[in-house]
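First up is the structure itself, then whatever we jot down about it.
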2 protein chains.
Amino acid sequence: MKRTTLKDIAKALNTTIATVSRALHDNPEISDEMKNRVREVAKLYDYKPNSTALSLKFQKSYTFGVIFFTLNQYFTTQILSGLLQEATKNGYKLIVAESNYDPKKELELIQEFYELNVDGILILPSRKLNTKRFELENIIRDDVPFVIIDRTIYFEKKKIPFITSDDYVGTREGISHLIKKGYKRFAQIKGLDSSSISNIRYQAFLETLTRHKLEIDHRKIISCQEFTKEEGEELANQLMSLEDKPDVIFCISDMVAVGVLHALRKKGYRVPEDVAVLGFSNSNICEVCTPQLSTIHQPGVEMGKKSIKLILSNIKQKKDISDVKIVMKTKLIEREST
Amino acid sequence: MKRTTLKDIAKALNTTIATVSRALHDNPEISDEMKNRVREVAKLYDYKPNSTALSLKFQKSYTFGVIFFTLNQYFTTQILSGLLQEATKNGYKLIVAESNYDPKKELELIQEFYELNVDGILILPSRKLNTKRFELENIIRDDVPFVIIDRTIYFEKKKIPFITSDDYVGTREGISHLIKKGYKRFAQIKGLDSSSISNIRYQAFLETLTRHKLEIDHRKIISCQEFTKEEGEELANQLMSLEDKPDVIFCISDMVAVGVLHALRKKGYRVPEDVAVLGFSNSNICEVCTPQLSTIHQPGVEMGKKSIKLILSNIKQKKDISDVKIVMKTKLIEREST
DNA sequence: ACATCTTACGTAAACGTTTACAGTTAATAA
DNA sequence: TTATTAACTGTAAACGTTTACGTAAGATGT
């Protein structure tokens with residue numbers, strides 16, 4: 001029942017593990033006859049090298065650690081799929097962990113990954129991790145590649161590569177398209193101020209309106225916390241109770257946008273005639289809701305793949321990736337809600 | 001930059017690694033003075049035991065391998081969440097892999113997991129793996145616990161524990177509730193005949209109708225393959241083109257049900273007045289679509305947790321789990337579509 | 001005939017741990 | 001005084017690999 005080892009094969013052939021190891025690696029110092037005998041026995045015994053021993057020997061695990069703030073979103077699972085595809089394709093495994101938005105847990109998980117001798121760490125940090133940026137910076141080791149996905153965090157001393165979607169351009173395209181359609185009174189449901197992503201979209205929102213000489217009404221720009229449908233409903237009601245009601249509600253996430261749609265329907269507003277609603281991410285719910293939700297597509301799977309490629313370029317080709325900032329193209333997806 | 005090892009500490013204190021190891025394990029044979037000195041240096045050097053070395057030594061990795069047929073469904077990611085929570089809580093890691101419904105890949109991944117010395121394997125098998133049951137049976141090793149999630153596969157010689165949701169009772173509750181409401185002409189969109197899950201729901205569907213003396217119209221029972229929205233639309237159209245149109249469409253998944261809803265709306269049928277639609281799983285899309293989808297809740301997170309508990313009961317308490325068949329309660333969730 | 005070079009294999013150290021067993025010293029008992 | 005014991009620490013093997021180095025035998029060159 002025990003796994004067969006080099007020792008077993010050596011014993012069977014009355015030779016040493018060194019010879020067996022070399023034979024299996026097709027080392028030129030080993031005679032063809034011996035190689036054949038070794039291979040035969042190896043096959044017979046179904047020999048498989050012990051990867052733990054190899055890890056110890058070579059000080060690498062062929063494993064990446066990945067931390068998600070949640071796996072409960074379509075976008076994050078798309079990233080996971082991309083990561084898995086590209087990792088397994090290259091002979092790497094993924095140890096997956098979920099931080100549930102807890103920055104302390106995120107730091108702990110990073111520590112744990114180091115103790116596991118992972119060959120690299122990828123993280124989708126929660127917004128809150130930004131507040132622990134200093135701790136994060138101090139914890140990150142220089143000898144294990146580190147990649148930040150879906151967020152941009154800048155540090156004092158260290159340079160850490162990140163990979164995001166081009167939310168700026170995505171937002172600009174979405175908003176300017178709506179402007180062209182004649183919408184004028186733009187509202188935004190953004191995230192908290194501590195979120196880099198939210199801020200980028202906010203900036204793009206503001207600047208696009210400004211460039212088109214549209215007035216910006218700051219009472220129409222509000223923040224949500226949990227990104228839930230319920231919150232979307234609540235905030236939509238809040239927005240529609242303004243005297244000057246918006247004719248566009250640009251949301252931080254698709255789920256929030258769905259909440260907005262529901263609230264609008266309940267109040268009798270027509271979408272997209274009275275109010276246009278624009279989501280973000282292009283998750284699977286966009287085609288499910290009524291009206292179907294226009295949104296800005298983030299290429300989750302591709303981001304995952306690219307992240308692995310990035311980290312592998314550091315490991316395999318020894319490329320310095322500390323300066324890399326990958327920004328992946330987004331795409332406006334027009335459906336019924338705009 | 002290198003990790004500090006026992007050797008480093010030993011050298012610093014001019015002693016041996018054995019003493020250091022013992023001191024760190026609070027071995028009574030070591031003097032308190034030595035223990036203190038060792039601990040001090042260990043702290044100073046930020047010593048962390050090398051888990052790879054421990055894995056090699058103890059022949060365990062504190063790692064489980066998990067195989068998903070897809071991570072692109074709400075239900076499967078819920079299971080993943082549950083698995084992760086319970087695993088990390090117990091100091092275990094998860095290596096995650098996606099088979100993308102490819103039975104060959106599933107078998108390969110299992111092999112790979114064995115080579116990685118995982119302490120256990122959990123799998124959500126694709127329906128197609130059933131056809132490779134023989135290969136699967138032969139590949140499974142007796143010394144590494146194996147758990148099947150969300151599917152029931154019976155083998156010739158081996159006994160493998162599985163954990164599923166009680167789809168039989170769930171279906172029965174759903175259908176009989178609809179019967180009570182006065183619906184009479186039941187249609188089912190089921191999966192392929194090779195799917196154990198689909199068959200259980202099919203049986204429950206038939207038997208519930210029979211018990212209530214309702215006629216079963218086999219033209220109203222059709223199969224889908226990909227479980228997509230588009231397929232749901234197509235099959236709904238097919239069902240509604242029968243002379244004797246159904247007044248209930250019971251679907252194999254929520255996404256299929258959403259497709260059905262869309263098709264019905266396009267054709268002008270009212271839901272739930274003309275046709276009731278019932279999904280399965282209670283995924284996040286149920287509250288998103290219009291009308292909101294009634295469904296049968298499967299406790300994904302709990303199933304994940306329970307799976308880890310099960311496998312740990314084998315590992316830690318040496319319980320024989322080969323006979324275990326866990327069937328978790330489902331729950332009818334009534335929303336607007338019924 | 002002798003040095004030299006190949007060829008083919010063995011020895012042993014290393015990766016970082018744990019732990020059975022073997023010392024060493026000092027204290028205690030006879 | 002000497003044997004016994006207790007308290008502490010060191011030695012070395014083991015987990016399964018890889019690989020620098022050593023070595024033996026035969027082949028080649030002069």
(message) More than 18 angstrom separation, counting every C-alpha pair in region B:6-49; what % is that?
(response) 10 percent
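Give the calculated FRET efficiency between B:Asn237 and B:Ile140 to the nearest 0.05, with a Förster radius of 25 Å applied to their Cβ-Cβ distance. Intermediate results must be reported in sequence, preceding the final value.
On the way: r = 43 Å, r/R0 = 1.72.
Approximately 0.05, to the nearest 0.05.
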(request) Calculate one ³J(HN,Hα) per residue across region B:312-327 by plugging θ = phi - 60° into the Karplus curve 6.51 cos²θ - 1.76 cosθ + 1.60, and present them in order as whole Hz with x for glycine and proline. (result) 6, 5, 6, 6, 7, 9, 6, 5, 7, 10, 4, 8, 5, 9, 9, 10
(request) Provide an ascending nm list, one decimal, of label-point separations from A:Ala18 to the equivalent residue in each further copy; define each label point as 7 Å from Cα along Cα→Cβ. (result) 2.7
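Compute the signed sum of charges (Lys and Arg +1, Asp and Glu -1) over the other residues within less than 11 Å, Cβ to Cβ, of B:Val256.
Values: positive: B:Lys190, B:Lys229; negative: B:Glu226, B:Glu230, B:Glu231, B:Glu233, B:Glu234, B:Asp254.
Result for the local shell: -4.
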(message) What are the ³J(HN,Hα) couplings of region B:87-101, residue after residue, when phi is run through the Karplus curve with 6.51, -1.76, 1.60 and θ = phi - 60°? Round to Hz, x for glycine and proline.
(response) 5, 5, 4, 9, x, 10, 9, 10, 9, 9, 9, 10, 8, 6, 6
(message) For a quick check: with amide H placed at 1.01 Å from N, whose amide H comes under 5 Å from B:Thr290's, ignoring anything fewer than 5 positions away on the same chain?
(response) A:Thr290
(message) Amide H of A:Lys93 versus every other amide H placed in the peptide plane: which residues, excluding those fewer than 5 positions away on the same chain, fall under 5 Å?
(response) A:Thr63, A:Phe64
(message) Positive end of the dipole of the protein assembly as shown, charges at C-beta (+1 Lys, Arg; -1 Asp, Glu), about the Cα centre: which of B:Phe162, B:Ile121, B:Val20 has its Cα farthest in that direction?
(response) B:Val20
(message) If each residue of separation counts as 0.36 nm, what is the full-extension length gain between A:Leu192 and A:Gln59 once their alpha-carbon separation is subtracted?
(response) 43.7 nm
(request) Report, by chain and number, residues whose modeled amide H sits under 5 Å from the one on A:Ile296, excluding near sequence neighbours (fewer than 5 apart, same chain). (result) A:Gly279, A:Phe280, A:Ser281, A:Asn282, A:Ile333
(request) Extending each Cα 7 Å along its Cβ direction at A:Glu108 and A:Thr228, get the distance between those two points in nm, one decimal. (result) 2.4 nm
(request) Go through B:Ile252, B:Ile315, A:Thr338 and say which Cα lies farthest out towards the positive end of the charge dipole of the protein assembly as shown; charges sit on Cβ, +1 for Lys and Arg, -1 for Asp and Glu. (result) B:Ile315
(request) Could you give the size of the charge dipole of the protein assembly as shown about its Cα centre, using +1 on the Cβ of each K and R and -1 on the Cβ of each D and E, expressed in debye and rounded to the nearest 20? (result) 1000 debye
(message) What is the angle, in °, between the Cα long axis of helix B:254-267 and the longest principal axis of the Cα atoms in chain B? Nearest 10 is fine, range 0 to 90.
(response) 30 degrees
(message) On a straight-distance basis, which lysines could pair with A:Lys89 in a cross-link, Cα separation under 16 angstrom, same-chain partners fewer than 8 positions away excluded?
(response) A:Lys305, A:Lys306, A:Lys309, A:Lys316, B:Lys104, B:Lys105
(request) Quick one: with label points 7 Å out along Cα→Cβ, list the inter-copy distances for A:Leu44 in nm, shortest first? (result) 5.6
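Given just the C-alpha atoms of chain A, how large is their convex hull per residue in cubic angstrom?
Working: hull volume 56.8 nm³, N = 338.
With only Cα atoms used, chain A gives 168 Å³ per residue.
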(message) What are the extents of the Cα atoms of region A:4-115 along their three principal axes, in Å, largest first?
(response) 59, 25, 23
(message) Using helices alone, I'd like the mean residue ellipticity at 222 nm for chain A: each DSSP H run of four-plus residues gives -39500 (n - 2.57), total over residue count, nearest 500.
(response) -13500 deg cm²/dmol
(message) Could you work out the relative contact order of chain B? I mean the mean sequence separation of Cα pairs under 8 Å and 6+ apart, divided by the number of residues, in percent.
(response) 16 percent
(request) Give the residue from B:Ile175, A:Ser99, B:Leu278 lying farthest towards the positive end of the charge dipole for the protein assembly as shown; charges sit on Cβ (+1 for Lys and Arg, -1 for Asp and Glu) and the dipole is referred to the Cα centre. (result) A:Ser99
(message) Semi-axes of the equivalent ellipsoid for region B:233-338, please: Cα gyration tensor eigenvalues, times 5, square-rooted, ordered largest first, whole Å.
(response) 38, 13, 10
(request) Give the share of C-alpha pairs in each 10 angstrom bin for region B:232-284, from 0 to the last occupied bin, in whole percents, shortest bins first. (result) 28, 60, 12, 1
(request) Calculate I(q)/I(0) for region B:278-326 by the Debye formula, one identical point scatterer on each C-alpha and no solvent, and give its log10 at q = 0.15, 0.23 Å⁻¹ to two decimals. (result) -0.55, -0.79
(request) Could you work out how far the C-alpha centroid of region B:257-293 sits from that of region B:1-65, in angstrom? (result) 61 Å
(request) Kindly give the semi-axes, whole Å and largest first, of the ellipsoid equivalent to region A:167-297, taking each as the square root of 5 times a Cα gyration tensor eigenvalue. (result) 19, 16, 15
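May I ask you to derive the FRET efficiency for B:Lys184 and A:Gln85 from their Cβ-Cβ distance with R0 = 56 Å, giving the value to the nearest 0.05?
Working: r = 47 Å, r/R0 = 0.84.
That gives a FRET efficiency of 0.75.
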(message) Compute, for chain B, the length of the dipole vector about the Cα centre, with Cβ point charges of +1 (Lys, Arg) and -1 (Asp, Glu) only. Units Debye, rounded to 20.
(response) 740 debye
(message) For B:Lys184, give me every one of the lysines with a C-alpha distance below 29 angstrom, ignoring sequence neighbours fewer than eight places off in its own chain.
(response) B:Lys213, B:Lys220, B:Lys229, B:Lys245, B:Lys266, B:Lys267, B:Lys329, B:Lys331
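What does the net charge come to around B:Lys325 if you take all other residues with beta carbon closer than 15 Å to its beta carbon, with K and R at +1 and D and E at -1? Don't skip to the answer; put the middle values down first.
Working: positive: B:Arg151, B:Lys158, B:Lys159, B:Lys306, B:Lys309, B:Lys319, B:Lys329; negative: B:Asp150, B:Asp166, B:Asp167, B:Asp320, B:Asp323.
Result for the local shell: +2.
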(message) Looking at chain A as a GNM with Cα springs under 10 Å, which of A:Phe68, A:Phe146, A:Phe58 has the largest mean-square fluctuation?
(response) A:Phe58
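What is the mean projected area of the alpha carbon convex hull for region A:47-162, to one decimal in square nanometres? Before the final figure, lay out each step's value.
On the way: hull surface 30.8 nm².
Projected area, direction-averaged: 7.7 nm².
Among residues other than A:Leu6 whose Cβ falls under 12 Å from its Cβ, what is the net charge (Lys/Arg +1, Asp/Glu -1)?
With Lys, Arg at +1 and Asp, Glu at -1, the net is +4.
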(request) Give the share of C-alpha pairs in each 10 angstrom bin for region A:51-117, from 0 to the last occupied bin, in whole percents, shortest bins first. (result) 20, 43, 31, 6
(message) With θ taken as phi - 60° and the coefficients 6.51, -1.76 and 1.60, list the Karplus ³J(HN,Hα) couplings across region A:182-190 in order, rounded to whole Hz; mark glycine and proline as x.
(response) x, 5, 9, 10, 8, 10, 10, 9, 9
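How big is D for the protein assembly as shown, in µm² s⁻¹ as a whole number, if Stokes-Einstein is applied with the Kirkwood radius of its Cα pairs at 25 °C and 0.890 mPa s? If you can, show how the numbers build up before the last one.
Numbers: Rh = 27.9 Å.
Taking Rh from Cα pairs, D becomes 88 µm²/s.
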(request) Would you give the gap between the C-alpha center of region A:198-221 and the C-alpha center of region B:120-180, rounded to a whole Å? (result) 53 Å
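Obtain the radius of gyration and the Kirkwood radius of region B:193-268 from its C-alpha atoms and give Rg over Rh. Could the numbers behind the result be given before it?
Numbers: Rg = 12.6 Å, Rh = 13.0 Å.
Rounded to two decimals, Rg over Rh is 0.97.
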(message) So the label point sits 7 Å from Cα along the Cα-to-Cβ vector; using that for A:Met328, what distances do you get to the other copies, in nanometres, sorted shortest first?
(response) 3.0
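Would you mind working out the magnitude of the charge dipole of region B:167-297 relative to its Cα centre, with +1 at each Lys and Arg C-beta and -1 at each Asp and Glu C-beta, to the nearest 20 Debye?
Numbers: 17 positive and 18 negative charges, 90 e Å.
That gives region B:167-297 a dipole magnitude of about 440 debye.
Throughout, read-outs are computed from the coordinates displayed, never taken from laboratory work. Keep in mind the model is a prediction, meaning the values are calculated, not measured. Cβ: placed from backbone, ideal geometry, glycine included. Neighbour counts: every protein chain shown.
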